[in-house]
1. Between Asp251 and Lys360, what FRET efficiency comes out of the Förster formula 1/(1 + (r/R0)^6) with R0 = 41 Å and r the beta carbon distance, rounded to 0.05?
2. Go through Lys77/Lys352; Lys40/Lys246; Lys42/Lys101; Lys42/Lys352; Lys27/Lys234; Lys101/Lys234 and tell me which ones have a Cα-Cα distance over 29 Å in this structure.
3. Multiply the residue separation of Gln173 and Glu318 by 0.36 nm, subtract the distance between their alpha-carbon atoms, and state the gained length in nm to one decimal.
4. How much length is gained if the chain between Glu204 and Lys27 is pulled fully straight, taking 0.36 nm per residue apart and subtracting their Cα-Cα distance, in nm to one decimal?
5. Less than 14 Å Cβ to Cβ from Phe224, Lys/Arg counted +1 and Asp/Glu -1: what total charge do the surrounding residues give?
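All of the numbers you see were taken from the coordinates with simple rules; none came from a lab. Quantities reported herein were computed from a predicted structural model and do not represent experimental measurements. All Cβ positions, glycine included, derive from the backbone under ideal geometry; neighbour counts span all protein chains shown.
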Amino acid sequence: MRGETNLQDLESGPYFGSYALQGRRKKMEDSAILAPCLVKCKAELGSAGTSLSRPLHDAIEDPSPLYTDANEPAGAKEDILHFFAVYDGHGGAVASRFCAKRLHHFFSARLHLLASLPPGAAPPAMPCQDGPAAETGGAEDEHVAAAGEKSASSLASSIQEDCFGPQTVDLRQLRPLTADMITDALEYAFLEAHERFCRKTAVELIGTTATVGVVSSTHIFVAFSGDSRAVLRKHGVAYPVTLDQKPERPDEAERIKAAGGNIYVTDGQRVEGILGMTRAIGDSALTTAGVTPLPEVTVLRRAPGDEMLVLASDGLWECVSNEVSVEAAHRCLELVAERGKGRNVGAKHAAKVLANHAFKKGSGDNITVLVLDLAGPDDRKPKTQSASEGKAGGGEPMDVDGG
């Protein structure tokens, strides 16, 4: 069931803004989607997920608990899921544009299917990770087609202006969604996008990263495949909530080798000397070498002190650190708030400043930045000192006024 998106629904979610630069590349291969109010639902997330207590990258060296638990009352309540994603294509823009038009539909369609199942029923199988299957399955495939095909043509694939995507999918009359169901739907969406994209001809070495943020009133789900990154600013500290999936990551390198793949050093470490990441949507020629679209998923409980989430392609991260990025975005949001502008204006200004700063620092890639302002309604108040004064984190000058 689909319904209209209204202003009240938009106000229930994070403030957001985006900006993209083709930069020094001959073509723009990045794509993105901003789909606030994608799903209305009943949710029973309870205390699922985690509250960040230390940076995610430390978990590679220290296997002790990464997060601290917090009590949260259980019980179903009405909620809205807001969907945001960055896709960094390689070998052309075909894969990233495909995902920007389709992946969120696969996500909402899977949620509809899961919420429609009787209690205790097993969810349908996931799509094959090794490319297109010989057959696709009946009712589930029809449901995905109905949800995904109908409005895909109306979506703007350009990130240059906010895209409000499709009409809202209303699941409030169905079973409450759980964290496991949302995680399942994210994994399904990545695998389904991969399977359908690989049906195309001559796409064996064309693919895309995917970093998706799904935000509810109580939780944030971040699914990621590739090296586009998401970083949370919480209590003034930068916390990466993704881990770049590259051959340099020991666990990913081990997984590639266990699958029979090889890692060669050719302009950096690359799977079979070709791909500089270990997970991607597309690249069907490399699936037998262990390259998979299956995302890793981080589930976070929203809490006081959550300030913003920055999602961006690696054109930003190759030149600007996590710490500088979120500190600069914070200063932009504060500056715009001081001037009495809307918070969506602040988020878009922050995204533009970050993209322009990466370009000035010498980024040679396309640069796409999404900024989600997670702070509470009273957390962006004027300060006695202008937010544009001084320097961004790490002692690096940052022009937050003009980008």
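1. According to the calculation, E is roughly 0.75.
2. Cα-Cα > 29 Å for Lys77/Lys352; Lys40/Lys246; Lys42/Lys352; Lys27/Lys234; Lys101/Lys234; rest within.
3. Contour length minus Cα-Cα distance gives 47.7 nm.
4. Numbers: separation 177, 0.36 × 177 = 63.72 nm, distance 1.96 nm.
Fully extending the segment from Glu204 to Lys27 adds 61.8 nm.
5. Numbers: positive: Arg229, Lys246, Arg249, Arg279; negative: Asp88, Glu187, Asp227, Asp244, Glu252, Glu296, Asp314.
So the environment of Phe224 carries a net charge of -3.
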